[in-house]
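Derivation of every value follows stated rules applied to the coordinates shown; laboratory data play no part. None of these values were measured; they are calculated from a predicted model. As a convention, Cβ positions derive from the backbone with ideal geometry for all residues, glycine included, and neighbour counts pool all protein chains shown.
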């Protein structure tokens, strides 16, 4: 039953923040300490108290099963890390109790989702995540924020209706909603007629939340419009919740080819849009799409070791994307704009610590050897043996490097001491896993987490990828081609969602 | 007329809602269509294991009588509440947009938001290039 405490603590503390307004800030610290304590229990001799349970004392068939497996543990650790970083980032700002309530609900929902093993419970929590992030994106009530989050709510709600119909079909044919029971029934008769339809409905529904290009066309607007701390949370963590559900679905349903196609489209499309985007936060948001492509391609690979690579990459991406978003927010506070050309013009006014944080995040995201971007990308590259996935992964690396090459002038001098970044401690929290990724993972997961990172070939390969990316950037700058962003308006986005669902169904049915 | 059951009606509702969401430009009608789509999901979930001979699932159950599955009935309660929350919150946001733009036309609002975002950027640019003289402050 202790597992159920993890999300519940956040829900109760969030309500306490509303009841005792003076303690709003304290509830965030209490929640962080409680999370650290509960997650530390897993590594202690009494870890059996965290064993799988059905909530509320029901039998496993109809109860909601909670389980702390390696997937859940990975994302719990990421949640605690981001919670600490965002808490430090927000420390010197005035926090309204409502904001604290929403933040606590967001963290609690994330924790409930990674532990959940029940399809309908996942539906409810995904809807809770939608509602809470909808309110947080538009927290400052600027018009473009309101429009971005309204678009997000409409698209996510359509997606969740599709997901609910999929849940109904699964329940009609399996008679249970737990992943274990569904897995048994599907393995019994993998040719059953309902499987492609149910899998297509569930995948398309989750894809809207998971940042997959033809489905989540709300993402660039919502993630670039939100306040910096919320952007960091949404882009580093909440978007991965869709990926968690996709991983769990891929264990049950035969989703391999679908995920590969979706991953290719998402990754390359996201990279192309990121290359031509001139706004820092918008570019980071497009990048989230392209990094989700990495995760999807890693999930489609059946080889041993690919899944631990996916988990490692999700964690690494969480740390450096949060760092980049927080630093971009600090830069915005000084300069008053997130336009890249403009940030470069005014770079002498951005504090050195902010610029170093941006530099560290850039080095990590393009995958240069000592940092976690490389360490987590290496097992994905090593585990994919078919040449199409290899090519897509390399193209993604080139796209990433090409879009971040835009930031190079930002790191040139002058290096005068100007101002002070009030939130630099949060960069330190996030920089720790970026620099010390390998020792930390080894310490937490032991020998189960062996990655082929010491290969010279992979190190040289990633450096060559970055160099080629820089060349592509030089060529692209001359060409001055920009893809139209009309696709990201509301009506094209809804249309693309429907088309995407039909495409997924056809792929699952006939491939 | 056995084919007119909950499942087929749900599919028809979903199709109507999806069409309205794409072709109608009015935001309020879009939200109504969204409500239709959400209701179709609920109808589908509750009618998927239903049979006309079933009775209510209340104990004690008489022998030889089919009872309806109580689990979907419990599940749709949460789904109904969630959809209510989504519609209520999105209507509030539409109200905020209408207050600022005096229109519920989706394309108009989108256009206004995009131009506003662009002018916001250039305004910031103006204030910053104006404040270059004060650069020497600590």
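Of the listed peptides A:151-161, B:17-27, what is their order by residue-averaged count of other C-beta atoms within 10 Å, with the highest listed first?
A:151-161, B:17-27
Across peptide B:44-50, how many C-beta atoms of other chains are within 10 Å of each residue C-beta, on average?
5
Going 7 Å from the Cα of residue A:356 in the Cα-to-Cβ direction, what parts of the stretch A:407-425 have a backbone nitrogen less than 14 Å from that spot?
A:415-418, A:420-425
Taking the Cα-to-Cβ direction at residue B:15 and at residue A:58 and moving 7 Å from each Cα, how far apart do the two end points lie in nm?
With each label placed 7 Å out from Cα toward Cβ, I get 3.5 nm.
Rounded to the nearest 0.05, what FRET efficiency is calculated for residue B:92 and residue A:459 with R0 set to 51 Å and r the Cβ-Cβ distance?
Working: r = 53 Å, r/R0 = 1.04.
Efficiency, from the Cβ-Cβ distance: 0.45.
For A:321, A:281, what ranking results if the residue with the fewest other Cβ atoms within 10 Å of its Cβ goes first?
A:281, A:321
If each of residue B:80 and residue A:486 carries a label point 7 Å out from its Cα toward its Cβ, how far apart are those two points in nm?
4.3 nm
Ranked by Cβ crowding within 10 angstrom, fewest neighbours first, how are A:344, B:4 ordered?
B:4, A:344
What nm value, rounded to one decimal, do you get for the distance between residue B:111 and residue A:21 when each label is placed 7 Å out toward the C-beta?
Taking the simple label geometry, residue B:111 and residue A:21 are separated by 4.3 nm.
If one computes P(r) from the Cα atoms of the stretch B:50-102, what percent of pairs lie at distances over 13 Å?
When every Cα pair of the stretch B:50-102 is considered, 70 percent fall beyond 13 Å.
In peptide A:168-178, how many Cβ atoms from other protein chains are near each Cβ within 10 Å, on average?
Mean number of neighbouring Cβ atoms from other chains: 4.
Give me D for the protein assembly as shown in µm² s⁻¹, whole number, from Stokes-Einstein with Rh from the Kirkwood sum over alpha-carbon pairs, 10 °C and 1.306 mPa s.
Using the Kirkwood radius from Cα pairs, D works out to 62 µm²/s.
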